[in-house]
Amino acid sequence: MILTNTETIPGKKIVEHYGLVSGNTVRAKHIGRDLMAGLKNIIGGELKGYTELMKDSRNEALKRMMQQAEKMGANAVVNVRFSTSSITQGAAELYVYGTAVKAE
Amino acid sequence: MGDLIELAVFVMLILVGFTAGSTAEALHFKSLKKREEETSGLPVLTVRGGGAEDIRADRVFLVIGECVVAQDYFKRVLASLKTIFGGRLGSYETLVDRGRREAILRLKERAKRVGCDLILNMRIETSSIGINYKNNSLAGCVEVVAYGTAVILKK
């Protein structure tokens, strides 16, 4: 499956559009990570635990989107966009959406 | 007595935050500069790739770089004082700057590792994933994600 965030696929031709596909996940951090983040909050800098968490969740959302596209019979998703929103304290929603297409 | 201990903890947190925070920040900026020079050969474009069909691409894929950075205790206290008077919050400017540059660097490094020739339509998204630490002192914590379309050209 080809993913791009441009409207076209460089080097390929889009022959069919299938419409919107999307995937989301809501993730909460766990206590261990929160504790470390609390400590890290004193000295600042990168919160590696959170970076990992966001990366994993984003991959999960991407996977769901790709599954949806596959079901439609698409072999590529173009114009992929990400959005993050914090819903409640300690939980973040990752949302990915794009247009499923068939490319040759 | 209890108040005194509380005050002592507060002063200690500020001191630790100030010393460790500033050294960590200086080191981070130094490493950012070095790595930016190393990856300067890879062009990153923010153009949307109109007419991209003409690019003789062999393979295309999505690359993502992300980073979550937090502010140190000293600067957070300083910033909360500053919000009374308003004006420029320089300490938060450097925080988002650190996050953005790190995220873009990770994106470039990942693309470079797989032998990519250019990145099209690079986009940056910044969001605060506010974590409340202990009581309600809101932590200055931002998540930055940079993403784009990596292209490997036909040789």
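Computed from the coordinates by the stated procedures, all read-outs in this text should not be read as laboratory data. Computed from a predicted model, the values in this text were never measured in an experiment. Virtual Cβ from ideal backbone geometry, glycine too; neighbours counted across all protein chains shown.
In deg cm²/dmol, rounded to 500, what helix-only [θ] at 222 nm does chain A give when every DSSP H run of at least 4 residues adds -39500 (n - 2.57) and the total is split over its residues?
Mean residue ellipticity, 222 nm, calculated: -12500 deg cm²/dmol.
List the lysines whose alpha-carbon lies under 30 Å from that of residue A:71, not counting same-chain residues fewer than 8 positions away?
A:12, A:13, A:55, A:63, A:102
Would you mind calculating the relative contact order of chain A from Cα pairs under 8 angstrom and at least 6 residues apart, reporting the percent as a whole number?
48
Which whole-Hz couplings ³J(HN,Hα) result when phi for each residue of region B:62-69 is put into the Karplus expression 6.51 cos²θ - 1.76 cosθ + 1.60, θ = phi - 60°, listed in order with x for Gly and Pro?
After applying 6.51 cos²θ - 1.76 cosθ + 1.60, I find 8, 10, 10, x, 9, 7, 10, 10 Hz.
Taking the Cα atoms only, what angle lies between the long axis of helix A:31-43 and the longest principal axis of chain A, rounded to 10 degrees?
The two axes meet at around 70 degrees.
Any chance you could get the radius of gyration and Dmax over the Cα atoms of chain B, in Å?
So, for chain B, Rg and Dmax equal 20.2, 75 Å respectively.
So how tilted is helix B:73-85 from the main axis of chain B? Cα-based, degrees 0 to 90, rounded to 10.
Tilt relative to chain B: about 80 degrees.
Pairs of alpha-carbon atoms within less than 8 angstrom and 6+ residues apart define the contacts here; what relative contact order does chain B have, in percent?
34
Check cross-link reach from residue A:40 to the aspartates and glutamates: straight Cα distance under 17 Å, and skip same-chain residues fewer than eight apart.
Qualifying aspartates and glutamates at Cα under 17 Å: A:52, B:25, B:72, B:143.
So how tilted is helix B:2-38 from the main axis of chain B? Cα-based, degrees 0 to 90, rounded to 10.
20
Provide, for region B:2-153, the number of lysine pairs with alpha carbons under 28 Å apart, each pair being eight or more places apart or on different chains.
12
Please sort B:102-115, B:14-27, B:84-97 by packing, taking for each peptide the average over its residues of neighbouring beta carbons within 10 angstrom, highest first.
Going by the mean number of other Cβ atoms within 10 Å, highest first, we get B:102-115, B:14-27, B:84-97.
In region A:48-104, which trypsin sites (Lys or Arg not before Pro) fall in coil by DSSP and have 10 or fewer other Cβ atoms within 10 Å?
Passing sites in region A:48-104 do not exist.
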